[in-house]
Amino acid sequence: MAFALTPEREKQAVALLERYPEKRAALLPLLWLCQRQHGYISEEIVAWVAERLELSTAEVKGVVTFYTMFFDHPVGEHVIWVCRTLACELRGAKAVQEHLEKRLGCKAGETSADGRFTLLKAECLASCGTAPMVQIDDLYYENLTAEKLDRILDEVAASGPFYDREARERFEADRRGEG
Amino acid sequence: MGFSTPSPKILTSRYHLEDSFTLPVAMKAGAYAVAREVIGKKSPESIRDEVKKGNLRGRGGAGFPAGVKWGFLNPRPGQQVYLVVNGDESEPGTFKDRTILERDPHRLVEGILISCYAIGAHKAFVYIRGELRFGQLRLEKAIEEARARGFVGPRPFGVDYPIDIVVHSGAGAYICGEETALLNSLEGRRGEPRIKPPFPAVEGAFRQPTIVNNLETIATIPGLVEMGGEAFAALGLVPGDGGTRLYGVSGHVARPGVYEAPAGLPLRELIYELGGGLLDANRQLKAVIPGGSSTPVLRPDRLVKASDPQHPLHAWDGKSEIDVPMAVDLFRALGTMLGTCCATVIDDSVNMVEVTRNLMRFYRHESCGQCTPCREGTGWLVDVLDQIAEGRGKPSDVDLLVEIANNMMGNTICAFADGTAMPLLGMVRQFEEEFRAAVAAGRPLDVRHDTTTRAAFQGGNR
Ligand SMILES: Cc1cc2nc3c(=O)[nH]c(=O)nc-3n(C[C@H](O)[C@H](O)[C@H](O)COP(=O)(O)O)c2cc1C
Ligand code: SF4
Ligand code: FES
């Protein structure tokens, strides 16, 4: 079946195109909308976006593959990024990764057998003062201890998948802001 | 705690307020008062003058004077000037801009309004790294609130000077912090740096004259304009660097975080007063990366050599490298760079070959690959460091590292390659004995970086 955005997202897409002096500039935000809906950028999405912005599929693919946050293949319901750059490393990032690998039963770069979590290594996420930390889907979890990390994972596991989570994410964001 | 340096709070004056990110709270504490006072009421030139007088050095890494950069604009009739705010914040060790987005986005919006008016722009793009979704949402919400009040839109504060603000999300690529790569990414392309010239002020976003400034630089504008350039410049502790700025401190310190203090704060105060000293008091301070991973490392046990009274560092002759004030020109004279002013503190539990390897892996991952010396050089550096760390290094490998780095410098489209080579050379220069020892040992280094902190993670006593 050909790709289509939900009516709500379609409205956002139309608004996006008006924000820039050139159509092409809407490429990254449009890819974000698609990935939030579908979980990754499929071949159908590439074709759909290319047609929408009057680009070749090669140009769209070239952009998708340039950026680490766009996935060109399916990933787990939740993506966990462990920051392994220096400041985090000094505060225990390796232990965080080891803990996650044990709990999920997969290595960094892999998806857990039940398909729920993909574990990836990240480069500095601008959270060095609250290291060690992970990003799960769209949110940061900082000043981690093994116990705190387990609690967070329980919560995330009990929630719906990433692409259903925009509302929850806003809620969590604001709750975090109060803390 | 008595701090030796008094720290007026300007950028962070609203950080502590409950719901500081909402418009009513921010306005009650003064947000938008300066914009209302100057837009349409003062001349754009007079605002640009104040910024020049304020000695505001760009907060994005290079420390270029913002007033001078703004002066490079000279649009031809019919051209549209753009303001682009650089919120890519990806330099390892840097985490300051994020606090503005999350805790006081209205200060940024106000800074954008004043800056647009001052440089003749009607549209601003704020480029934010994709990972900072939370900050993006906060900023988008703030812009919505400001638009609802009419501050952003066709008639800010009732003045016929339309200003529109667009938030643009990146998607994970350090190189997009480089200003021309950022412009390509904004235009929907791969984030590959462009050959300069033309500079953005002549041909930037959508081929129009564009000012690219760091997010903190722009958020500093309301405070600067409010107090006036001279008063702002006088806040700096050394000549040539005005105002207060956000300092970050992370790694092996007791109180990591972001702190506002005057420009020119000595690194020692950042570590021992604001940062609370070392995390593990039984350890020694070994090294400090002063302003993001691209800035060459400093050693507290190295003394400044500047006996010549003409030397810019003469006043610190014989003192520790970490006693030099954190100012753009002084740090350059010291052989390093101020960078983003976010320091990474390293204690003696750590091996510097491993630290170097960690950072060089970052650069290998992030090189955009357009230039051969950078694409190949970053890979070779990691290969050689792997050999050394795994106990298979040769004595000549230390010199090989230096040779590779030297060949990367000055030969590329953008400053990324220099930003890789300089810290590598700094590591080898400052800790050569440790590189030589690793080679001589001939066995895997087998050290972890987290000796000081792993127990805290496991034990959960944080
Ligand atoms: C590889 C590289 C990465 C950069 N990353 C950033 C960044 O994340 N944020 C930033 O503000 N400037 C970054 N810069 C500097 C920008 O190119 C530009 O100088 C800066 O945004 C100008 O703002 P300022 O004058 O206000 O400091 C980077 C430069 C290079 C060469
Ligand atoms: S120096 Fe490196 S990052 Fe910069 S353009 Fe060349 S290859 Fe890309
Ligand atoms: S090093 Fe992990 S967030 Fe900066």
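What follows is calculated from the coordinates using simple rules that are stated; it is not laboratory data. Remember, predicted model here, so these are calculated numbers, not experimental data. All Cβ positions, glycine included, derive from the backbone under ideal geometry; neighbour counts span all protein chains shown.
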Which whole-angstrom value gives the distance between the alpha carbon centres of the range A:21-81 and the range B:125-197? 19
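Strictly over 32 Å apart at the Cα level, which of A:23/B:52; A:11/A:94; B:9/B:41; B:9/B:69; A:148/B:141; B:28/B:53 would you flag in this model?
Values: A:23/B:52 36 Å; A:11/A:94 43 Å; B:9/B:41 27 Å; B:9/B:69 26 Å; A:148/B:141 30 Å; B:28/B:53 29 Å.
Result: A:23/B:52; A:11/A:94 exceed 32 Å.
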What helix-only [θ] at 222 nm does chain A give? Using -39500 (n - 2.57) per DSSP H run of at least 4, over all residues, to the nearest 500, the answer is -15000 deg cm²/dmol
With θ set to phi - 60° and the Karplus curve 6.51 cos²θ - 1.76 cosθ + 1.60, what are the ³J(HN,Hα) couplings of the range A:35-51 in order, to the nearest whole Hz, using x for Gly and Pro? 5, 5, 7, 9, x, 7, 9, 7, 4, 4, 5, 4, 5, 5, 5, 4, 5
Selection from B:38, B:430, B:93 lying farthest towards where the dipole of chain B points positive, charges on Cβ: B:38
Using θ = phi - 60° and Karplus 6.51 cos²θ - 1.76 cosθ + 1.60, couplings along the range B:111-121 (whole Hz; Gly, Pro as x): x, 5, 4, 5, 5, 4, 4, 5, 9, x, 9
Alpha-carbon centroids, the range B:298-323 and the range B:324-389: separation in whole Å: 23
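When the expected Rg is taken as 2.2 N^0.38 Å, what fraction or multiple of it is the alpha-carbon Rg of the range B:316-462?
Details: Rg = 16.7 Å, N = 147, 2.2 N^0.38 = 14.7 Å.
Output field value: 1.14.
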Quick check on chain B: helices-only [θ] at 222 nm, where DSSP H runs of length 4 and up contribute -39,500 (n - 2.57) each and the sum goes over total residues. Nearest 500, please. -11500 deg cm²/dmol
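So if I average 1/r over every pair of distinct C-alpha atoms in the protein assembly as shown and take the inverse, what Kirkwood radius in Å does that give?
Values: mean 1/r = 0.0397 Å⁻¹.
After inverting the mean inverse Cα-Cα distance, the result is 25.2 Å.
Could you tell me the relative contact order of chain B? Use alpha-carbon pairs under 8 Å, at least six residues apart, and round to a whole percent. Working shown, then result.
On the way: 946 pairs, mean separation 71.7, N = 462.
Taking the mean separation of contacting Cα pairs over the length of chain B, I get 16 percent.
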Take every DSSP beta bridge with both residues inside the protein assembly as shown and express the antiparallel ones as a percent of the total, to the nearest 5. 45
Honestly the range B:187-232 on the Cα gyration tensor test (a ≥ b ≥ c root eigenvalues; a/c under 1.5 rounded, otherwise a/b vs b/c for prolate or oblate) is just prolate
Rounded to the nearest 20 debye, what is the charge dipole size of the range B:140-269 about its Cα centre when +1 sits on each Lys and Arg Cβ and -1 on each Asp and Glu Cβ? 260
Search the structure for amide H atoms under 5 Å from the amide H of residue B:202, placed 1.01 Å from N in the peptide plane, and list their residues when 5 or more places away or on another chain. B:210
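Efficiency by 1/(1 + (r/R0)^6): what FRET value for residue B:230 and residue B:311, r their Cβ-Cβ distance, R0 = 41 Å, to the nearest 0.05?
Working: r = 28 Å, r/R0 = 0.69.
Calculated transfer efficiency: 0.90.
Can you tell me the mean projection area, over all orientations, of the convex hull of chain A's alpha carbons? Units nm², please.
Details: hull surface 46.0 nm².
Result: 11.5 nm².
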If the only charges are +1 at each Lys and Arg Cβ and -1 at each Asp and Glu Cβ, what is the size of the charge dipole of the protein assembly as shown around the Cα centre, to the nearest 20 debye? 780
Could you give the spread of the C-alpha atoms of the range B:30-128 along their three principal axes, from largest to smallest, in whole angstroms? 40, 30, 27
Sites residue A:102 and residue A:52, calculated FRET efficiency, Cβ-Cβ separation with R0 51 Å, nearest 0.05: 0.70
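State to the nearest 20 debye the size of the charge dipole of chain B about its Cα centre, where the only charges are +1 on K and R beta carbons and -1 on D and E beta carbons.
Working: 52 positive and 55 negative charges, 171 e Å.
Its charge dipole is roughly 820 debye.
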Can you tell me the Rg and the Dmax, both Å, for the Cα atoms in the range B:399-462? 17.0, 49
For the range B:183-336, shape from the Cα gyration tensor axes a ≥ b ≥ c, cut at a/c of 1.5 then a/b versus b/c, turns out prolate
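Which ordering of A:65, B:356 is given by a fewest-first count of other beta-carbon atoms within 10 Å?
Details: A:65 12, B:356 26.
By the 10 Å Cβ count, ascending, the order reads A:65, B:356.
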Leading residue at positive end of dipole, chain A (Cβ point charges), from A:125, A:85, A:69: A:85
So for the protein assembly as shown, taking the charge dipole from beta-carbon charges (+1 Lys/Arg, -1 Asp/Glu), which of A:100, B:262, B:459 sits furthest toward the positive end? B:262
Output for the range A:14-98 (equivalent-ellipsoid semi-axes, sqrt of 5λ from the C-alpha gyration tensor, Å, descending) is 32, 15, 11
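Please compute the volume of the convex hull spanned by the alpha-carbon atoms of the range B:180-270 and report it per residue in Å³. Please report the intermediate quantities before stating the final value.
On the way: hull volume 14.7 nm³, N = 91.
Residue-normalised Cα hull volume stands at 161 Å³.
Average partner chain C-beta neighbours within 10 Å, per residue of B:87-95? Can you show the working numbers first?
Values: counts 1, 1, 3, 5, 2, 10, 7, 5, 9.
Other-chain Cβ atoms within 10 Å of each residue's Cβ, averaged: 5.
Send over the semi-axes of chain B's equivalent ellipsoid, whole angstrom and largest first, taken as the square roots of 5 times the C-alpha gyration tensor eigenvalues. Please list the in-between numbers first.
Values: eigenvalues 292, 125, 89 Å².
Its equivalent ellipsoid spans semi-axes of 38, 25, 21 Å.
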